[in-house]
Amino acid sequence: MVDVLNLATTKLGNKIYLLGNQNHNKTLIIGVVHGDEPQGEYLIAKYLKNNPNSPHLFIPCLNPDGKQLKTRTNASKVDINRNFPTKNWVLGEKDSYFGGNEPASEIETQFLIDTIEKYKPTLVITLHTPYKVVNYDGPAKEIAQKISDIINYPVEESIGYPTPGSFGTYCGVERNIPTITLEMDETCPIEELIPPIFKIFDSI
């Protein structure tokens, strides 16, 4: 049975949970980095209902405030995936990609940094939409191809545009931890995503 291993309270009073069990392995799976991409939380919850003894670590919803507000950003209007303390972090425009006034300024970002530092995962998968690609950072090409073979999305080392302060750069490039950004098809009915996503979780 999965337990709450850690939690944090957001600006709006929502909770971020790290779930796992006493025999957890070193794979971390994360949903809802962007609040307008809720599919990951649903898939993780469904998976854990069917696999309560899963050895993986899970953050089902990293950005519950954004989910509540139905926005990409969190309650402070910061894009969590631009807020990590990377060498390429920049103070950008206050748009939907705004990376904060300084790196790691957000509760959500710090929660994930603390998780990486404490649990030292050897593989991290974040669930996003909508691009239908298996994007990877760090030494994750082989794992990306394995996931691609299951879900039939192409493997892409670059998402196609600059991502300063991204989690992939922080975790994969600068810490050499295999990091997968699985961009799922947002037009696909969520129930149709269950078989390939469950197969991916079971294969890693």
Report, in whole Å, the centroid distance computed from the Cα atoms of segment 118-150 and segment 154-200.
-> 5 Å
Evaluate the distance, in nm, between pseudo-label points positioned 7 Å from the Cα of Gln68 and of Asn23 along their respective Cα→Cβ axes.
-> 3.7 nm
Any of Lys77/Lys118; Lys77/Lys146; Lys15/Lys118; Lys70/Lys141; Lys87/Lys120 with alpha carbons more than 25 Å apart? Name them for me.
-> Lys77/Lys118; Lys77/Lys146; Lys70/Lys141
For segment 84-90, in residue order, the Karplus 3J(HN,Hα) values (coefficients 6.51, -1.76, 1.60; θ = phi - 60°; whole Hz; Gly and Pro = x) are 7, x, 9, 5, 9, 4, 9
Most fluctuating residue given options Gly100, Gly66, Gly13, as computed from a GNM of the chain linking Cα atoms under 10 Å | Gly13
Accessible surface of Ile180 - all protein chains present, 1.4 Å probe, nearest 10 Å² = 0 Å²
Tell me, in nm to one decimal, what length is gained between Gln145 and Lys87 on full extension, where the rule is 0.36 nm per residue of separation less the Cα-Cα distance?
-> 18.1 nm
Take the chain, connect every pair of alpha-carbon atoms lying under 10 Å apart with a spring to form a Gaussian network, then pick out the residue of Thr181, Thr71, Thr126 with the largest mean-square fluctuation.
-> Thr71
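Roughly how many debye, to the nearest 20, is the charge dipole of segment 21-123 about its Cα centre, given +1 on each Lys and Arg Cβ, -1 on each Asp and Glu Cβ, and no other charges?
It works out to roughly 340 debye.
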Over the C-alpha atoms of the chain, what are the Rg and the largest Cα-to-Cα span, Dmax, in Å?
-> 15.5, 44
Listed residues Pro38, Pro103, Pro130; largest mean-square fluctuation, Gaussian network over the chain with Cα springs below 10 Å, found at Pro130
How large, in percent, is the carbon and sulfur part of the accessible surface of the chain at a probe radius of 1.4 Å?
-> 50 percent
The chain: calculated mean residue ellipticity at 222 nm from DSSP helix runs of at least 4, using -39500 (n - 2.57) | -8500 deg cm²/dmol
Solvent-accessible area per residue for segment 85-178 (1.4 angstrom probe, square angstrom) = 51 Å²
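The values are calculated or read from the model by the stated rules, or taken from the named source; none is laboratory data. Everything quoted here is computed from the prediction, not taken from an experiment. Backbone-built Cβ (ideal geometry, glycine too); neighbour counts: all protein chains shown. Accessible surface is based on the protein model in full, side chains and every heavy atom, while ligands, DNA and RNA are left aside. Shrake-Rupley method; radii C 1.70, N 1.55, O 1.52, S 1.80 Å.
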